[in-house]
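The values are calculated or read from the model by the stated rules, or taken from the named source; none is laboratory data. Here the structure is a predicted model, which is why all the values come from computation and not from measurement. Note: ideal-geometry Cβ built from the backbone for every residue, glycine included; neighbour counts use all protein chains shown.
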Amino acid sequence: MKFLFAKFDKIGVPLLAGAAAALFILQAKYQLRKRVRPAAERYFENGSVALAALPTLRFALLPAMYAAAKWSNKNGVGLLQHPGIPKWLKYTAGFILLDYSNYLWHVLLHKWPLLWRFHNVHHIDMDLDLSTAWRFHIGENVASVPYRSLAVALSGVPAPLVVFYEIVFEGCTAFHHSNLKLPFWFERRLCNFIVTPRMHGIHHSIVARETNSNYSVVLSCWDRLHQTLRLNIPQQSITIGVPSYRSPADQSPKHLFLMPFEKPRPWQLPNGEVPAREELPGREHLLP
Ligand SMILES: [Zn+2]
């Protein structure tokens, strides 16, 4: 099994680190949503969760997906392994298929109660910024290894594409979690193609209907296709997080680590109220 990925480590990682540094500076200068918790505390909490989880992406997920692609390429297994398919089409369609498989995985994380216990650790963050992009429980990352490797094998994508897509995937995840206020006219157009900070901010709302929308990761077309797109929520009216986890004690690294193993709380505020918002027409129109 291959563990050394020179292109990923020598080109991808510096590119991602540069993009993250730029986003970190820009989100501080052009802030989209007001912070509700002290930044230093959140960086400590999110950093602790990320420190445990990130190595699984590089040392388990990437090698496993690459091995799955190699196996499918060698044995001619998978949708795109048909001999008549030209190389350019394998790469283009492969990118689209990988992205679609990740849309479906994100839906699964929300709909399958066992997976939601892990994904919830990402969602209870009460602010949304660049650091949230790496705040995934190690269990969620481990669970994604067999799913994403199977998706790679079934689609039969070329092995080098797996590495390229992963760099794009991580870059886009950092971008759409960031608290960067893009010019509205620009973001309104951009979200027709890729997931943007305002679009993903709605996915992190404490209103259940809003959380259960905008599942796409890179391309935004999957939410349009499955009618899970919801853009007509003004960003300033969004409360980020999950209603039943509003105490700073919920955010301690120890609690975040143990959370998947405790009974999930019902989707309601500490006072018993269920957050709601009137459904307005024009779901596919982004609001500032
Ligand atoms: Zn989610």
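For segment 108-126, enumerate the residues that are assigned to a loop (DSSP other than H, G, I, E, B) and within 15 Å of the chain's Cα centre (by Cα).
ILE124, ASP125
Determine which single condition PHE136 fails, assuming it passes every other condition in (1) outside any helix (DSSP H, G or I); (2) away from the ligand (no atom under 13 Å from the Cβ).
Condition not satisfied by PHE136: (2).
Working carefully through the options LEU128, LEU114, LEU80, find the one that is out of contact with any Gly (no Cβ under 8 Å at 6 or more places or on another chain) and at pLDDT 95 or above. Before you say what the answer is, go through the steps one by one.
Details: LEU128 fails: out of contact with any Gly (no Cβ under 8 Å at 6 or more places or on another chain); LEU80 fails: out of contact with any Gly (no Cβ under 8 Å at 6 or more places or on another chain).
None of the other options fit; the residue is LEU114.
For segment 255-264, does any single residue satisfy the condition of being of a type in the set (Lys, Arg) and surrounded by 14 or more Cβ atoms within 10 Å (Cβ to Cβ)?
Applying the first criterion (of a type in the set (Lys, Arg)) to segment 255-264 yields 263.
Then keep just the ones that are surrounded by 14 or more Cβ atoms within 10 Å (Cβ to Cβ); that gives none.
No; the residues of segment 255-264 include none that is of a type in the set (Lys, Arg) and surrounded by 14 or more Cβ atoms within 10 Å (Cβ to Cβ).
Which ones in segment 10-21 are surrounded by 12 or more Cβ atoms within 10 Å (Cβ to Cβ) and farther than 18 Å from LEU128 by Cβ?
ILE11, GLY12, VAL13, LEU15, LEU16
Out of segment 139-163, which residues are more than 16 Å from the ligand (Cβ to nearest atom) and either β-branched (Val, Ile, Thr) or closer than 26 Å to GLY241 by Cα (or both)?
Listed by number, the residues that qualify are VAL142, VAL145, VAL152, VAL157, VAL162, VAL163.
In contact (Cβ under 8 Å) with a residue 40 or more places away in the chain, within 16 Å of the ligand (Cβ to nearest atom) and touching a Phe, Trp or Tyr at 6+ places or on another chain (Cβ under 8 Å): does that describe TRP116?
No: the conditions fail for TRP116.
Sort through TYR43, TYR91 and tell me the only one that's surrounded by fewer than 16 Cβ atoms within 10 Å (Cβ to Cβ) and assigned to a helix (DSSP H, G or I). Give the derivation first.
Values: TYR91 fails: surrounded by fewer than 16 Cβ atoms within 10 Å (Cβ to Cβ).
Matching residue, one of TYR43, TYR91: TYR43.
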